[in-house]
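Working notes for the structure below.
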Amino acid sequence: MSLPKACIFDLDGVIVDTVPAHYIAWKAIADELDIPFNEENNEQLKGVSRTESMRRILAMGGMEKSDAEITTFTDRKNAIYVDIISKMTRDDILPGVLDFLEMLKANNIAVAVGSSSKNTPTILKAVGLDQAFATIVDGNQVTHSKPDPEVFLKGADRMGFAPTECVVLEDAISGVEAALNGNFKCIGVGEPDVLGKAHKVVPNLKNVDIEIFSDL
Ligand code: B16
Ligand code: MG
């Protein structure tokens, strides 16, 4: 089994349990616009940037809005979201993540974050993981949203590794596609029927050991 040089972690839905908070906030905006929006619709927005998510919600309702109006909606969504995540603590780190990070460290595998979220610094600080990664690439530093591979390519480049030397951990369809588009190996964290394009899928990072990297 050949081990990767680095793992690049998606944030929302892999390291922290923020998916319900994104859903609550988007649902409030969709309700305001009378656009039907459920958890299945939310699945399609995972990993997608804030502005692109708003555009997709408007498209679901067959609506068009100006850029200024879109900014008003996304600002409101973010205020609802930030209000929820401001109460986050170390308890909001998803099961198995801390042990998995320890296991990687013990095996000399570097760790990075590759997230679409502009709230990444706030979240990592709130849960006490702001010093845990070799590099953090977030939504403030990229031009193209997942499924574009930019966020992961930047992370690999900053660590000095080729994409083929890195494994991406992702909970979103858009994120798995971004990893594959960048020529990374990808482990999906979630449902196999949603993340089937990934090289391997695990339900969560609980009790995941080094064998995860076999047959990738
Ligand atoms: P923000 P990830 C993504 O984070 C979320 O999955 C997605 O739902 C969200 O719209 C996006 O970040 C932008 O987040 O509004 O906080 O900038 O999964 O790539 O870590
Ligand atoms: Mg995610």
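Observations
- Residues Asp10, Asp148, Asp67 ordered from highest to lowest accessible area at a 1.4 Å probe: Asp67, Asp148, Asp10.
- Rounded to the nearest 5, the antiparallel percentage of DSSP beta bridges internal to the chain is 5%.
- Estimated FRET transfer efficiency when R0 is 25 angstrom, pair Ile84-Leu33 (beta carbons, to 0.05): 0.80
- Using θ = phi - 60° in the Karplus curve 6.51 cos²θ - 1.76 cosθ + 1.60, the 3J(HN,Hα) couplings for region 129-134 round to 10, 5, 10, 8, 10, 5 Hz; x is entered for Gly and Pro.
- Neighbour-limited loop hits for trypsin sites (Lys or Arg not before Pro), region 52-103 (at most 12 other Cβ within 10 Å; DSSP other than H, G, I, E, B): Lys87
- Total charge dipole magnitude, the chain, about the Cα centre, Cβ charges on Lys, Arg, Asp, Glu only, Debye to nearest 20: 500
- Asn108 versus Thr164: modelled label distance in nm, points set 7 Å from Cα along the beta carbon direction: 2.1
- Rounded to the nearest 20, the size of the Cβ-charge dipole of region 1-114 about its Cα centre is 380 debye, with Lys and Arg at +1 and Asp and Glu at -1.
- Highest GNM mean-square fluctuation among Lys206, Lys46, Lys27, for the chain modelled with Cα contacts below 10 Å: Lys206.
- Only Lys, Arg, Asp and Glu carry charge here, each on its Cβ (+1 for the first two, -1 for the last two); on that basis region 19-85 has a dipole of about 160 debye about its Cα centre.
- Separation between Cα centres of region 8-23 and region 105-148, rounded to whole Å: 11
The values are calculated or read from the model by the stated rules, or taken from the named source; none is laboratory data. All values reported here derive from a predicted model rather than from experimental measurement. We place every Cβ from the backbone using ideal geometry, glycine too, and count neighbours over all the protein chains shown. The protein model used for the area step is the full one, side chains on, heavy atoms only, and it has no ligands, DNA or RNA in it. Shrake-Rupley method; radii C 1.70, N 1.55, O 1.52, S 1.80 Å.
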